[in-house]
Amino acid sequence: MAKGLIQATAEDLARNRGQILSLYRQILRSINSPKLPLTFAARLAKKAEVRAIFMLASEETSLHNIDDLIDTAEYSLSLLRKGEILKYI
């Protein structure tokens, strides 16, 4: 299995795609949770923030930055499931 040392290869990107898409969808679903005290406009704004972050990250080719994105998304998801709101998701 090919693995780039610094820059991601096509195989690396394909391997991470499913996990990143899953985290993205879970975060969007968690923002709709009734546990979060957000108005409709605030929910839309948070979803827009998440989309912007993942859209910019989709062009990332650094393995370290991809790993950081996954770690940050998992941490954010754990806080959202507890009902906590992050200032910047």
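Worth pointing out:
- Taken residue by residue, segment 2-15 has at least one member that is at pLDDT below 80, in a helix (DSSP H, G or I) and either open to solvent by less than 30 Å² (accessible area, probe 1.4 Å) or on the phi > 0 side of the Ramachandran plot (or both).
- Set S33, S22: member being at pLDDT 80 or above and part of a loop (DSSP other than H, G, I, E, B): S33
- Test: R25 is under 12 Å from the mean Cα position of the chain (by Cα), within 19 Å of R81 (Cα to Cα) and of a type outside the set (A, V, I, L, M, F, W, C): yes
- Given (1) within 22 Å of N32 (Cβ to Cβ); (2) touching a residue at least 24 places away in the same chain (Cβ under 8 Å); (3) exposed (fewer than 12 other Cβ atoms within 10 Å of the Cβ), number of the condition H64 does not satisfy: (1)
- Any hit, segment 21-28, residues being among the small types (G, A, S) and surrounded by 15 or more Cβ atoms within 10 Å (Cβ to Cβ): no
- Among the residues of segment 70-85, those that are open to solvent by 30 Å² or more (accessible area, probe 1.4 Å) and either touching a residue at least 40 places away in the same chain (Cβ under 8 Å) or not hydroxyl-bearing (S, T, Y) (or both) comprise D71, E74, R81, K82, E84, I85.
- Here R17 fulfils each of the conditions (1) closer than 13 Å to I66 by Cβ; (2) under 12 Å from the mean Cα position of the chain (by Cα); (3) in contact (Cβ under 8 Å) with a residue 24 or more places away in the chain apart from (3).
- Residue within segment 58-71 that is among the small types (G, A, S), over 27 Å from I85 (Cα atoms) and not in a helix (DSSP H, G or I) present: yes
The values are calculated or read from the model by the stated rules, or taken from the named source; none is laboratory data. Note that the structure is predicted; figures quoted are calculated from it, not measured. Glycine gets a Cβ as well: all are built from the backbone with ideal geometry, and neighbour counts include every protein chain shown. Surface areas here come from the heavy atoms of the whole protein model, side chains and all, with no ligands, DNA or RNA. Shrake-Rupley method; radii C 1.70, N 1.55, O 1.52, S 1.80 Å.
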